[in-house]
Amino acid sequence: MKLIERKQYLDKMIHVMSTPDIKVLTGVRRSGKSKLLDAFKAYVNNNIPDANIIHINFNLSKYENLKEYKSLNEYIENHYIDGKQNFVFIDEVQMCSNFELCINNLHATEMYDIYITGSNAFLLSSDLATLFTGRTFEIKVYPFSFAEYIQYFNFTDKYASFDRFMIEGGMSGSYLYKEQEDKFNYIENVFDTLILRDIKQKYNVRNMALLERISQFLMDNISNLTSSRNIADTLASNKEKINHKTVNNYLNYLCQAFAFYKFHRYDIKGKKYLSSNDKYYLSDPSFRYAKLGTRNLDFGRVIENIVAMELLRRGYEVYVGVLYKKEIDFVVIKRSEKIYIQVSDNISLPETFKREVEPLLQIKDAYPKMVIARTRNPEYQYEGIKIVDIADWLLNQ
């Protein structure tokens, strides 16, 4: 498989190297966490002359005898070399029973620089503080961005490439297949056999059919405001009542496995967060086409999904804006920075352009405002609002 340097993540790992934190790589299944660990291992080998790397990959059968925390701990301690910088890399750490006991013990010795990856249902962001008594540093890994997609294939026509990216997405394992149907079969398999299976195993989910239906509902309704109650009402039939609390639990499971990301609403005028109705976006839009088919492409929703994930990659807090009963697609915040963003597929028609810019014009503060769409034209300004093509925006940070 062809590999590219994922500089954004590699730089982050290099910057925290030798800190006392337990470094934890999280992200949706098959987003490249193990390959990133391999790339960091190569960096350490090439740049740290006195490095001693202890690397365990539980996907490999030769480490089968280490799937119990005492054996794992003993193996690592036996491979420690005094006078060197000792790095511990563990792939799929959850495959070792009571792995946290081993990691906490190693961390307490202050003798190792520790990096781990694992199945998301067993190594959740919300669980890190509970699992590990030492401080953790989470490195969030996402599927390929559009910029990485361009880099992988060496494409030169950014606009045509973006049209392909909307369908093919960022699950790089699918790039090995030539036929689109084979790509989607791979992506569907990742979702069904890895993500949903992990959730079932972690939470002992009994109603897998309901979990599947909820995930498909969210895929079909990306960018729509929703709640556990209206999902329950929509999915309920004459013969079956669905408890909205169960739906809420399943929504949380899907988000904790990084299949979906939940975005809360933000009242721009009142400057407060709203608790009712959220939006859910897929970690990668290719899951939508692989599961639901391409009969309803709905590029506007997909573009909005792509923008939402790119904003997370860039480290923003992302909210859905509300102003005088009108919606702003995204309010993004990073420290003192704030940006208001509208997203559209096509703004060539006057009425569509007016619909997108009108809510932004009603915002009276001086923070930047932007419309992102498939314009295929250079960036321009309209009454202080930046109008930018989606491909250009994705390629220029």
Quick one: count up the residues across segment 334-365 that are under 26 Å from Phe162 (Cα atoms), in a strand (DSSP E or B) and open to solvent by 20 Å² or more (accessible area, probe 1.4 Å). 1
Residues that are open to solvent by 30 Å² or more (accessible area, probe 1.4 Å) and closer than 30 Å to Leu196 by Cβ, drawn from segment 24-54: Arg29, Arg30, Ser34, Lys35, Asp38, Ala39
Being open to solvent by less than 30 Å² (accessible area, probe 1.4 Å), under 21 Å from Tyr9 (Cβ atoms), touching a Lys or Arg at 6+ places or on another chain (Cβ under 6 Å) and not small (Gly, Ala, Ser), is that true of even one residue in segment 151-168? no
Can you tell me which residues in segment 158-196 are closer than 16 Å to Ser145 by Cα and not in a helix (DSSP H, G or I)? Gly169, Gly170, Met171
Determine whether segment 317-331 contains at least one residue that is at positive phi, loosely packed, with under 13 Cβ neighbours inside 10 Å and within 23 Å of the chain's Cα centre (by Cα). no
Among (1) free of Cβ contacts under 8 Å to residues at least 40 places away in the same chain; (2) among the basic types (Lys, Arg); (3) assigned to a loop (DSSP other than H, G, I, E, B), the one test that Lys62 misses: (3)
Those residues of segment 76-93 which are over 11 Å from Ile56 (Cα atoms) and either open to solvent by 10 Å² or more (accessible area, probe 1.4 Å) or acidic (Asp, Glu) (or both), in sequence order: Glu77, Asn78, His79, Tyr80, Ile81, Asp82, Gly83, Lys84, Gln85
Would segment 94-113 turn up any residue that is farther than 27 Å from Val307 by Cβ, touching an Asp or Glu at 6+ places or on another chain (Cβ under 6 Å), surrounded by 15 or more Cβ atoms within 10 Å (Cβ to Cβ) and not aromatic (Phe, Trp, Tyr)? no
So if I check each of Arg355, Arg295, which one is out of contact with any helix residue (DSSP H, G or I) (no Cβ under 9 Å at 6 or more places or on another chain), free of Cβ contacts under 8 Å to residues at least 24 places away in the same chain and more than 23 Å from Gln381 (Cα to Cα)? Arg295
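Kindly establish whether Pro368 is under 30 Å from Glu148 (Cβ atoms) and either among the β-branched types (Val, Ile, Thr) or open to solvent by 40 Å² or more (accessible area, probe 1.4 Å) (or both). Spell out the reasoning first.
Working: under 30 Å from Glu148 (Cβ atoms): yes; either among the β-branched types (Val, Ile, Thr) or open to solvent by 40 Å² or more (accessible area, probe 1.4 Å) (or both): yes.
Taking the combined requirement at face value, the residue satisfies it.
The values are calculated or read from the model by the stated rules, or taken from the named source; none is laboratory data. Note that the structure is predicted; figures quoted are calculated from it, not measured. Methodologically, a virtual Cβ is constructed for each residue, glycine included, from the backbone with ideal geometry; neighbour enumeration extends over all protein chains shown. When the accessible area is computed, the model is the full protein with side chains, heavy atoms only, and any ligands, DNA or RNA have been set aside. Shrake-Rupley method; radii C 1.70, N 1.55, O 1.52, S 1.80 Å.
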